Every structure is written in C-alpha cells, then in structure tokens.
Amino acid sequence: MAEELKSIVSAAVPGGSHPKANLPTAAEDSGSYTEPVRCPNRKRGETAAHVALKRLALLWAQSRGYSVCAFEVQLPRCRFRADLAAYRPNGKEIGTAAIFECKQAFPDLRRDNGCSAVTAKRLEKAFQRRQVLEKNLRIHYPALRIPDSLFSDFDSHNFAAIEHRGYARVLRELSALQNRLFDCTKFERLIRYRCANLFFLVVSNRLFREPEIPFGWGALIESEGELVLVRKPLWHEGTLANRLKLLERIAAAGTRLLNKQSEITFDDVCAARNRACP
C-alpha cells in the first residue's frame, strides 16, 4: 500500500512527493494577486478577489508541505467541490488531506454556513403552521375544494385562489428553509462526511468574524498579500479509502487543467485510445 501511495504521489505532480518539489519560483510568485489579466484560467463568473484568495491558499498550502494540490476538486462521498484540495505526503505512511474554501463576500460565506439542526427545527414549526392554516381554510372556504378524488377527505384545495397573505408567507418560509437545509450546509456536511483531515476557511481581513467561522474549521485571513492562521482547525480522522480517493481526484483535476492548457479534448483521448487498441 505504501509503494502504491508513493507512485500515486509521484505521478500526480512534477517532482514527486518531496515537500519542496512544487514550491513556486520567485518568478512565478511575482505577479499581482488582483489583476484579472493574470488569471486567464479562472472560472466563468469568478471574481478576481476569489481567484486571489485561491492563489494565496495554494501558496500557503505548498509552503506547509502540501505538495499535491488542485483547484475545483470534486470531493468523495458528496456532491460538493472544494476551491482547493491539498495532500501532504508522509513518507511511507498515509499523508494528510486538507480542504480550503475561499470566501470573498458575506452572502457567499453565510450561504454555506447553515446549521442543519437549527434549520430543521424552524422547518418543522413552519410546517405545523401550514397544517393549522390549511385546516382552518378548509372550514371557512369550503368552495376551495377540488373534487379530484373518490373520497372527499382526500380532495385537493385551491388555497391560492383567495390570495391569503399569511398562507403565502408560510409557503415562502417553507421553501426558503427547505432550500437552506439541503443546499446551504456545505461546511457542516464536509466535516460530517469526513472528506478530509483538516478544513480551512480562507477570507479577507474585512470578512473575518470569529463567531461566523464554522465549528471545526481553521481560519486563514488575508493580510498584506499573505495568509495568516488565526484559528487552528480540529483534526478529523478520515478513512484510508477517503484519503486515497481524494488524492486520485486531485490528480484527475490536475490532469484536466493540463489537458486544457495543452488543448487536448476528450475526443482526442478517445481517438488515441482507439488507435492504441484496434
């Protein structure tokens, strides 16, 4: 297993598993962090500030021995992507996996920082209010009944016809809470799924609020062009399979970027494969 891991690390990045193999040179590190023209490979719609934070996170990770890194990595066991996933080799032992999430605006930060337990309680209360309202509306507005069932107890009701403001407000609250429960708990879920050993939130200095840093995550804040660790992350013991799967996906993300830079498409790969295996 150790030899297999070593071969994966060596294949993933130039220079193999040596901690200093992928540190950027002085020439590579001399560019501006915020100039858009220096970020030609950024995602469509991604701001220059977000790209700058990702670059700082990449530099910080490699300087701490995480020599295997990639942006936009699909994480194992979940549907989320990490802004930056990194792996630090540990000789013949299994290394450390880390995930970095970069946030450059309060709405973006708070969208992923929901608490499922609190949201679920609020959702239950809103659902109960909806049931009470519908029960009363059936009594006071019997004409809303739609005879679409063999049994009257199971008939539908067109509550929207009376435009009841309280009922419409409850429906909006239910929809918002459901979306928050299923789509806005990324930080909590990444820890629950044990996607990595360490988790870091990367924010600008003006965004840092200690109470808003998710539990178990470390905090890296940008200060004068560098990242400063202001809160250490908790260690999460992940499975061997998860760490190896994350390492494979980091290598796959790096390969996709290399193919894009070399203008190699999926069709090119398929054509070459067919020629090699007639």
Scan the stretch 201-217 for residues that are open to solvent by less than 10 Å² (accessible area, probe 1.4 Å), closer than 18 Å to Lys54 by Cα and of a type outside the set (Val, Ile, Thr) and report the count.
-> 3
How many residues does the stretch 103-129 contain that are at pLDDT below 80, open to solvent by less than 100 Å² (accessible area, probe 1.4 Å) and not hydroxyl-bearing (Ser, Thr, Tyr)?
-> 17
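Here's the yes/no breakdown for (1) under 23 Å from Phe80 (Cβ atoms); (2) of a type in the set (Gly, Ala, Ser); (3) touching a residue at least 60 places away in the same chain (Cβ under 8 Å); (4) in contact with a strand residue (DSSP E or B) (Cβ under 9 Å, 6 or more places away or on another chain):
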{"position": "Lys186", "(1), (2), (3), (4)": "yes, no, yes, yes"}
{"position": "Tyr193", "(1), (2), (3), (4)": "yes, no, yes, no"}
{"position": "Glu226", "(1), (2), (3), (4)": "no, no, yes, no"}
{"position": "His236", "(1), (2), (3), (4)": "yes, no, no, yes"}
{"position": "Lys245", "(1), (2), (3), (4)": "yes, no, yes, no"}
{"position": "Arg256", "(1), (2), (3), (4)": "yes, no, no, yes"}
{"position": "Gln261", "(1), (2), (3), (4)": "no, no, yes, no"}
{"position": "Cys270", "(1), (2), (3), (4)": "no, no, no, no"}
Answer yes if at least one residue in the stretch 88-102 is at pLDDT 85 or above, open to solvent by 10 Å² or more (accessible area, probe 1.4 Å) and under 17 Å from the mean Cα position of the chain (by Cα), and no otherwise.
-> no
If we scan the stretch 183-191, do we find a residue that is surrounded by fewer than 18 Cβ atoms within 10 Å (Cβ to Cβ), more than 30 Å from Arg130 (Cβ to Cβ) and not polar (S, T, N, Q)?
-> no
May I ask you to verify whether Arg256 is on the phi < 0 side of the Ramachandran plot, within 20 Å of the chain's Cα centre (by Cα), of a type in the set (Lys, Arg) and assigned to a helix (DSSP H, G or I)?
-> yes
How do the pairs read when you match residues in the stretch 60-82 that are free of Cβ contacts under 8 Å to residues at least 12 places away in the same chain with residues anywhere that are open to solvent by 20 Å² or more (accessible area, probe 1.4 Å), using Cβ under 7 Å and keeping only pairs 6 or more apart or on different chains?
-> Arg81/Glu72; Arg81/Gln74
Within the stretch 228-242, of all residues that are at pLDDT below 85 and not aliphatic (A, V, I, L, M), the one most open to solvent (accessible area, probe 1.4 Å) is Thr239
What number of residues within the stretch 259-278 are open to solvent by less than 80 Å² (accessible area, probe 1.4 Å) and either assigned to a helix (DSSP H, G or I) or in contact with a Cys (Cβ under 7 Å, 6 or more places away or on another chain) (or both)?
-> 7
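The values are calculated or read from the model by the stated rules, or taken from the named source; none is laboratory data. Just so it is clear, the structure is predicted and the values come from calculations on it, not from any experiment. Cβ sites come from the backbone with ideal geometry, for glycine too, and all protein chains shown count toward neighbours. Surface accessibility is based on the protein's heavy atoms, side chains included, excluding ligands, DNA and RNA. Shrake-Rupley method; radii C 1.70, N 1.55, O 1.52, S 1.80 Å.
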